[in-house]
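Structure first, commentary second.
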Amino acid sequence: MSRQPTEEDLPIDIIFLVEQLERRVAEGRKLPLSNNVVIDQATALDLIDQLRVSVPEEVRQAKRISQEADRILEKAQEEADRIVARAQEQAAFLIEERELLRAAEQQSQGIVTEAHAQADEIRRGADEYAASVLVKLEGEVVKLLQGIRRGIAMLDERHPVDTRAALGSLGDGDEAGAAPSHAQL
């Protein structure tokens, strides 16, 4: 005979029990001139009882599996929602950061432009100041040069020969050998 499932085999597999019942029917003794078979009533009833006990256990297992699947799906959905929320927060942060960066770049551009304008203004002021100082200096140099020329002319009038002789000893290579006047200097 075949092995009967015991309490240790629980949970009993319904498919296994159906196969056992089917095998019993297939191995049963055929009644002549019919499709009926004779099987051991006690064995058939025992298998049917085991099926009755097994079905609720299988249903409970299926329900537990279904609940576990639902719990896993719910947990996965919560995780997906968290990931989406975090991604949205990160996207909002990046957009805000990008806007801040753009504003900072615009502000720095404005500061650089203003600094260039101030530098140009300072440069213009410095150029104007330098030009005015140089013009004043030129005026002073012209006055000094005029004073020097007047002094030389006055010396030429007082000592025409002595001044020329002193200058002649410097020798600038004039063809006539004459010393240049102070006016030529």
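Here Ala153, Ala126, Ala166 are screened, and the one residue that is surrounded by 10 or more Cβ atoms within 10 Å (Cβ to Cβ) and modelled with pLDDT under 90 is Ala166.
Of all the listed residues (Ser66, Ser34), the sole one being exposed (fewer than 10 other Cβ atoms within 10 Å of the Cβ), hydroxyl-bearing (Ser, Thr, Tyr) and out of contact with any helix residue (DSSP H, G or I) (no Cβ under 6 Å at 6 or more places or on another chain) is Ser34. Look at the range 84-97: where a residue is modelled with pLDDT under 90 and in a helix (DSSP H, G or I), no partner that is loosely packed, with under 10 Cβ neighbours inside 10 Å and among the acidic types (Asp, Glu) sits 6+ places away or on another chain with Cβ atoms under 9 Å. Screening the range 36-77 for residues that are within 23 Å of Leu21 (Cα to Cα) and of a type in the set (Lys, Arg) and picking the one that is modelled with the lowest pLDDT gives Arg60.
The values are calculated or read from the model by the stated rules, or taken from the named source; none is laboratory data. These numbers come from a predicted model, not from an experiment. Every residue, glycine as well, gets a Cβ built from its backbone with ideal geometry; the counts of neighbours run over all protein chains shown.
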